Amino acid sequence: MAVASLGSLQHCGGRTALGFKLPLNLASEETPMCNISKSSARGALLQQCKLIVWDECTMSHKRAIEALDRLQDIQSNRKLMGGVVVLLGDFRQTLPVIERGTADEISACLKTSYLWTKVEKLYLTTNMRVQLFHDVESGAYAQNS
């Protein structure tokens, strides 16, 4: 299942994180839960899911991803994230937006979550667009970013 914090994946069959039925005010919820029942159509979809790709994850409040960890009951699996592999992407995005926030943006950041110590960090080292298509412009852009 492909997920983005915003709507950038909807054109290719993906979903926004809203599809997890997260509470609207994550900042005020101490332990937010996804409002998905095991017997619902969405619950059935999640039971079949083996991989969740969450692009733009840094724009989401850490509690959104923590709520996803609480889907263990839908998966009938007590492992982290219910045993589903979750690929978090694009760490060059902005921090979460917090209404009237000051330092709240930092505390809402995924890197301050209890989950962060359990994240296996992988780094992409080869620009495949440059490698496969000899796209010199993309290579120059990547060097300057």
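State whether region 2-135 is rounded, prolate or oblate according to the following rule on the C-alpha gyration tensor (a ≥ b ≥ c being the square roots of its eigenvalues): a/c under 1.5 gives rounded; otherwise a/b larger than b/c gives prolate, and the remaining case gives oblate.
Working: a/c = 1.64, a/b = 1.17, b/c = 1.40.
Taking the square roots of the gyration eigenvalues as a ≥ b ≥ c, region 2-135 is oblate.
Under a no-solvent Debye model with one identical scatterer per Cα of region 103-145, what's log10 I(q)/I(0) at q = 0.17, 0.18 Å⁻¹?
Per q value, in the given order, log10 I(q)/I(0) is -0.68, -0.69.
Measure off, as a whole percent, the carbon and sulfur share of the 1.4 Å-probe accessible area of region 2-135, all protein chains present. Numbers along the way, then the final one.
Numbers: 4730 of 8660 Å².
Solvent-exposed carbon and sulfur of region 2-135 make up 55 percent of the total.
Could you tell me the relative contact order of region 2-135? Use alpha-carbon pairs under 8 Å, at least six residues apart, and round to a whole percent.
21 percent
Using +1 at the Cβ of each Lys and Arg and -1 at the Cβ of each Asp and Glu in region 2-135, identify which of Leu115, Ala44, Gln93 lies farthest towards the dipole's positive end.
Of the candidates, Ala44 comes out farthest on the positive side.
List the chymotrypsin sites (Phe, Trp or Tyr not before Pro) in region 64-121 that DSSP assigns to loop (not H, G, I, E or B) and whose Cβ has at most 10 other Cβ atoms within 10 Å. Which are they? Don't skip to the answer; put the middle values down first.
On the way: sites: Phe91, Tyr114, Trp116; in loops: Phe91, Tyr114.
Answer in residue order: Tyr114.
Any aspartates and glutamates with Cα under 19 Å of the Lys50 Cα? List them, leaving off those in the same chain fewer than 8 positions away.
Within the straight-line cut-off, Lys50 pairs with Glu66, Asp69, Asp73, Glu120.
With a cut-off of at most 15 other beta carbons within 10 Å, and DSSP calling the residue loop, which GluC sites (Glu not before Pro) in region 53-126 qualify? Please list them.
Numbers: sites: Glu56, Glu66, Glu99, Glu105, Glu120; in loops: Glu56, Glu99, Glu120.
Within region 53-126, the qualifying GluC sites (Glu not before Pro) (loop, at most 15 other Cβ atoms within 10 Å) are Glu99, Glu120.
Which trypsin sites (Lys or Arg not before Pro) does region 36-107 hold that lie in a coil by DSSP with at most 16 other beta carbons within 10 Å? Show your work: numbers first, answer last.
Values: sites: Lys38, Arg42, Lys50, Lys62, Arg63, Arg70, Arg78, Lys79, Arg92, Arg100; in loops: Lys38, Lys50, Arg70, Arg78, Lys79, Arg92, Arg100.
Passing sites in region 36-107 are Lys38, Lys50, Arg70, Arg78, Lys79, Arg92, Arg100.
Given the protein chains as shown and a 1.4 Å probe, how many square angstrom of Ile106 are accessible, to the nearest 10?
Ignoring ligands and nucleic acids, Ile106 comes out at about 100 Å².
What accessible area per residue, rounded to a whole number of Å², is obtained for region 2-135 using a probe radius of 1.4 Å?
Numbers: 8660 Å² over 134 residues.
Result: 65 Å² per residue.
Which value in nm describes the separation of the simple spin-label points at Arg92 and Leu80, placed 7 Å from the Cα toward the beta carbon?
That separation, rounded to one decimal, is 2.6 nm.
The values are calculated or read from the model by the stated rules, or taken from the named source; none is laboratory data. Quick caveat, the model's predicted, so the values are computed rather than measured. Reconstructed Cβ throughout: ideal geometry from the backbone, glycine too, with neighbour counts over all protein chains shown. Calculation scope for accessible area: heavy atoms of the full protein, side chains included, ligands and nucleic acids excluded. Shrake-Rupley method; radii C 1.70, N 1.55, O 1.52, S 1.80 Å.
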